[in-house]
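Working notes for the structure below.
Each value in this text was obtained by applying a stated rule to the coordinates, not by laboratory testing. On a predicted model such as this, the values are computed, not experimentally measured, just so you know. FYI the Cβ positions are ideal-geometry reconstructions off the backbone, even for glycines, and counts take in every protein chain you see.
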Amino acid sequence: MPTGQQVRPLLIAAVSTALVFGLLAVFVASSPQWPRIQATFFGPEQMRASFPQVLRGFWLNMRIFAIGQVAILVLALLVAVARSLTGPVAAPLRIGAVVFIDLLRGVPSLLLILLFGFGIPALQLPGLGRSSLLWGTVALILSYSAYTAEVYRSGMIAVHDSQRAAAKALGLSQWQSLRYAVVPQAVRNVTPALLNGAVSLQKDVVLLSVIGAREAVREAQIYTAGTFNYSSYVVAALLFLLASVPLARFTDWYTRRDQLRRLQRAF
């Protein structure tokens with residue numbers, strides 16, 4: 001049961017927040033330009049009419065995001081493990097991982113999507129798909145995997161050397177040490193960063209619109225081109241907020257819980 005001392009700050013925060021946002025809403029709504037802004041960006045009829053079209057495109061965004069996120073987590077972990085291997089035998093894997101990360105992290109995601117989405121289908125090579133959406137998604141996965149691999153690697157570096165030494169003392173091989181001692185701790189260390197990456201990916205899927213994918217933003221653009229009204233973009237923005245805000249709040253909650261867990265472990 002919350003005490004009075006705990007309830008009072010919550011009430012003050014709620015009242016002050018409602019007051020500030022209420023005054024802001026009154027100021028915006030009383031502006032002489034508000035009717036024009038409302039008609040251009042918040043037209044109820046246009047929002048209602050464009051909603052099914054934009055929602056259909058948003059469903060494509062969510063499918064690409066789900067598939068891409070799983071592929072990124074797996075591929076990035078493999079690259080990070082390859083880069084962390086030691087010894088001369090593992091040199092080709094290590095060098096390959098470094099080249100993969102340097103190349104794909106150094107090129108803008110949009111440029112990769114254009115290269116893959118338009119370039120590979122234009123080759124018309126036998127056995128390769130010719131879907132721009134497919135290759136654009138592959139480009140997005142590769143680009144994000146390069147960044148995520150470095151996130152994984154930072155988690156591996158954060159694992160204390162004594163963990164590796166203990167695994168070696170138990171007779172575990174390098175691969176077994178990574179599998180049972182290093183990687184589980186590394187993943188736990190970087191989970192908040194991985195969740196932030198998921199939030200970013202969920203938004204960056206819209207980059208695929210440049211190669212003609214009819215996702216939410218592209219559908220909104222098509223509607224706007226026929227009506228010269230921007231309410232469909234607001235519909236798309238609201239859909240993205242509905243997906244990204246809960247994920248962002250979950251990330252905040254997990255980060256706080258992780259910090260608390262680390263503090264408890266320290267004491």
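Quick notes
- HN-Hα J in Hz across the stretch 104-112 - Karplus 6.51, -1.76, 1.60, θ = phi - 60°, x for Gly and Pro: 7, 7, x, 9, x, 4, 4, 5, 4
- If you plug the beta carbon distance of ALA66 and HIS160 into 1/(1 + (r/R0)^6) with R0 = 51 Å, you get a FRET efficiency near 0.90.
- Amide H partners (placed H, <5 Å) of GLY43, local residues excluded: SER231
- The 3J(HN,Hα) values that the Karplus relation (6.51, -1.76, 1.60; θ = phi - 60°) gives for the stretch 54-69 are, in residue order, 5, 5, 4, x, 5, 4, 5, 4, 5, 5, 5, 4, 5, 5, x, 5 Hz. Gly and Pro appear as x.
- Think of the chain as a dipole: +1 on every Lys or Arg Cβ, -1 on every Asp or Glu Cβ, centred on the Cα centre; then among LEU263, ILE211, PRO35, LEU263 lies furthest on the positive end.
- Answer label, with Cα extents along the principal axes in Å calculated from the coordinates and candidates [x] 59, 43, 36; [y] 74, 69, 25; [z] 69, 64, 33: [y]
- You can think of it this way: the chain between ILE12 and GLN185 has 58.2 nm of extra reach, that is 0.36 nm per residue less the Cα-Cα gap.
- Here the 3J(HN,Hα) profile of the stretch 120-134, calculated from phi with Karplus coefficients 6.51, -1.76 and 1.60 at θ = phi - 60°, is 5, x, 5, 5, 6, 6, x, x, 9, x, 10, 7, 5, 5, 4 Hz, Gly and Pro shown as x.
- Förster radius 25 Å - calculated FRET efficiency between THR255 and LEU93 (Cβ-Cβ, nearest 0.05): 0.20
- For the listed peptides 17-23, 113-119, a ranking on the average number of other beta carbons within 10 Å per residue, highest first, reads 113-119, 17-23.
- Axis of helix 231-266 versus longest Cα principal axis of the chain: the two differ by about 40°, to the nearest ten degrees.
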